Amino acid sequence: MPDKDELARHRYEKLVDRLQSLMQAALKPEYQGYHGQLILSSDDLAEMGDLKDVRRAALEAGRRLGWKPATRLVGDRLFVLDEREVPEEIQQLAENAAAEALDRARRERQ
């Protein structure tokens with residue numbers, strides 16, 4: 001029978017794998033792996049376990065993706081962010097996409 005530490009290590013690895021998969025799925029291909037973020041709701045956090053364990057697993061998952069990961073707790077949501085310096089051409093793509101989204105939203109309200 002596996003000991004308690006082995007079970008905890010296995011649960012942690014499964015959590016890292018799950019978070020890595022969610023983070024990977026949230027990436028936009030046109031940003032070539034940059035501008036990564038994942039937002040976990042209070043329900044997500046409750047399902048995943050203790051906040052400190054989720055944060056630690058999210059940081060590990062981010063490192064596996066090549067991110068410079070950081071976490072921020074805002075209210076009852078956990079934001080996992082990639083804080084790497086973004087190449088200029090990708091930053092420009094992201095800025096253009098944000099401007100277009102704002103223009104679209106403004107037109108839809110009129």
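Computed from the coordinates by the stated procedures, all read-outs in this text should not be read as laboratory data. Note that the coordinates shown come from a computational prediction; the quantities given were computed from them, not determined experimentally. Methodologically, a virtual Cβ is constructed for each residue, glycine included, from the backbone with ideal geometry; neighbour enumeration extends over all protein chains shown.
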Cut-off is 10 Å between beta-carbons; in what order do ARG109, ARG63 appear when sorted fewest neighbours first?
ARG109, ARG63
Can you tally the lysine pairs in the chain where the Cα-Cα distance is under 19 Å and the two residues are eight or more apart, or on different chains?
5
By how many nm would the segment from LEU102 to SER21 grow when fully extended, if each residue of separation counts as 0.36 nm and the alpha-carbon distance is taken off?
26.3 nm
Summed side-chain charge close to LEU65 - residues other than LEU65 whose Cβ falls under 15 Å, Lys, Arg +1, Asp, Glu -1
+2
Rh by Kirkwood over Cα pairs, then Stokes-Einstein D for region 4-85 at 1.002 mPa s and 20 °C, µm²/s:
167
Amide N of region 45-73 lying under 19 Å from the label point, which is placed 7 angstrom from the Cα of TYR12 along Cα→Cβ
48-65, 69-71
Using Cα springs under 10 Å in a Gaussian network model of the chain, which residue among ASP17, ASP53, ASP43 shows the largest mean-square fluctuation?
ASP43
Given the Cα-Cα distance of ARG56 and SER41 and 0.36 nm per residue of separation, how much length would full extension add, in nm?
3.7 nm
